Amino acid sequence: MDLILSSKKADKTIVEVEGVGGYYTWSSSQFPVLSQKKVAGGLLVLQPRGFALPHYADSSKIGYVCEGECIAGLISPEDSKEEVIKIQKGDALPITVGTVSWWYNGGDTKLKIIFLGESSEDYTPGEFCYFFLTSAAGILNGFSNELIAKTFHMTETESEKLVKDQSGLIIIIKVNEGIQIPNGSSSAKRKFVYNLDGAKPCVEVKNGGHLSSVSSKNIPLLGEIGLSANRVVLECGAVLGPIYTPDSSIHLSYITKGSGRVVIVGLFGKVVLDTKVEEGDLFFVPKFFPFVVEADEGGIEFFSVKTSSKQVYGELSGGKKSVWEAASPSILEASLNMTPDLTKFFKSKIAKGAVIAPPSNV
């Protein structure tokens, strides 16, 4: 299996405007595993009053707010209703393929959102492709004045002005103070948004850390697009795993804070990745490959998307859900070539553990 699994920072700038913001991606040429396995990532940064113009994309994804707050607009082609949602740090929001969206930083600090998702239908495998409704790169520029006039019931003079007014816009702009952006709807937020930072953890270990997840159980829309997500916080020296995806799904993670080490083991027990990761890095875990994340002295936090609507992992560590815990003592004795006493001791240690382990000196 020829997969290059090294972690990477975003290397491709799609747009960057000083004092306004930018959009950055991981190119499939520098991170070929993304195109090979049909997943992608993008990072949106907006300064106060920064606005990402309305657009749609060729793939589904989940956005996670790493910092700041934002007002987002979503328009589904199925009902042509605009859902306006205010999101904040820790919020996860799914965006389906073909849905028109816009993003506005109405706060006083920088906004940063990471988008992770599948790219099986992308024009450029491993990279999200966007279609903008407006701006110099917008779709209106592709049609003649005559066609636009007929479509919008305008004169050709009026349609010419409409298109000309777009020529000075780029895909990220700063909104004039006189323009009032719509307020978010609380009902729409309950329907589409799940705050991973504030959610009750699925796993919480003293001096170790915690794991929170969102799946189709929390947001039904995730069941339609076949994605789910989780957020992991590990304290100094703590370890997550080993775990693996048992349902043919793959795992894409973005480091939101801190640093640590990622170890992935592949076929026949071969180490396929053993590397340091830090804030801004993206790393990929193939289906069925067990992996471990170990936090450095300052701890580590990361957001992950899984290409399945269910948050199910095979646990090869300690805890009640551990494969080792479930196995019969005689099976462990024979498989690990241990004495009955050592097997009993091993089982007792597994029973006391969890998928997150605190440092051994705690």
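The values are calculated or read from the model by the stated rules, or taken from the named source; none is laboratory data. Source: prediction; values computed, not measured. With ideal geometry, Cβ positions are generated from the backbone for all residues, glycine too; neighbour counts draw on all protein chains shown. Just so you know, the surface numbers come from the protein's heavy atoms only, side chains and all, with ligands and any DNA or RNA stripped out. Shrake-Rupley method; radii C 1.70, N 1.55, O 1.52, S 1.80 Å.
Calculated on C-alpha atoms, the gyration radius of the stretch 123-204 divided by its Kirkwood radius gives an Rg/Rh of 1.17.
Grab the Cα-Cα distance for LEU336 and GLN30, subtract it from 0.36 nm times how many residues apart they are, and report the gain in nm with one decimal.
Roughly 106.1 nm would be gained on extension.
R0 = 41 Å: FRET efficiency of GLU18 with ASP197, Cβ-based, nearest 0.05?
Approximately 0.85, to the nearest 0.05.
Give the lysines reachable from LYS347 as a straight Cα distance under 17 Å; neighbours fewer than 8 places away on the same chain don't count. LYS347 reaches LYS320, LYS321.
The phi-based Karplus calculation (6.51 cos²θ - 1.76 cosθ + 1.60; θ = phi - 60°) puts the 3J(HN,Hα) values of the stretch 321-329 at 8, 5, 4, 5, 5, 6, 5, 5, x Hz, whole numbers, x for Gly and Pro. Between their Cα atoms, which of LYS287/LYS310; LYS191/LYS257; LYS112/LYS276; LYS38/LYS310; LYS9/LYS38 are more than 25 Å away from each other? LYS191/LYS257, as the Cα separations exceed 25 Å there.
Among the listed values (i) 44, 20, 18; (ii) 30, 24, 20; (iii) 52, 26, 19, the one computed from these coordinates for semi-axes √(5λ) of the Cα gyration tensor in Å is (i).
Of PRO220, PRO340, PRO48, the residue with the greatest mean-square motion in the GNM of the chain, using alpha carbon springs below 10 Å, is PRO340. Run the 1.4 Å probe and let me know the accessible area of ARG49, rounded to the nearest 10 Å². Its heavy atoms expose roughly 80 Å² to the probe. With N as its number of residues, the stretch 260-302 has a Cα radius of gyration that, divided by 2.2 N^0.38 Å, comes to 1.18. Each residue of the stretch 49-57 was assigned a 3J(HN,Hα) from its phi angle through the Karplus expression (A = 6.51, B = -1.76, C = 1.60, θ = phi - 60°), giving 6, x, 9, 8, 5, x, 7, 9, 10 Hz with x at Gly and Pro. At 1.4 Å probe size, what's the solvent-accessible area of TRP324? Round to the nearest 10 Å². Approximately 80 Å² of TRP324 is accessible to the 1.4 Å probe.
The H on the amide N of LYS89, modeled in the peptide plane, is under 5 Å from the matching H of GLY68, each at least 5 residues off or on a different chain.
Between THR275 and ASN176, full extension at 0.36 nm per residue minus the direct alpha carbon distance yields a gain of 31.1 nm. Accessible surface of CYS202, taken over heavy atoms with a 1.4 Å probe and every protein chain present, rounds to 80 Å².
For LYS200, give me every one of the aspartates and glutamates with a C-alpha distance below 17 angstrom, ignoring sequence neighbours fewer than eight places off in its own chain. Leaving aside aspartates and glutamates fewer than 8 places away in the same chain, those within reach of LYS200 are ASP91, GLU301.
In order along the stretch 109-117, the Karplus-derived 3J(HN,Hα) couplings, from 6.51 cos²θ - 1.76 cosθ + 1.60 at θ = phi - 60°, round to 10, 5, 10, 9, 10, 9, 10, 10, x Hz, and Gly and Pro are given as x.
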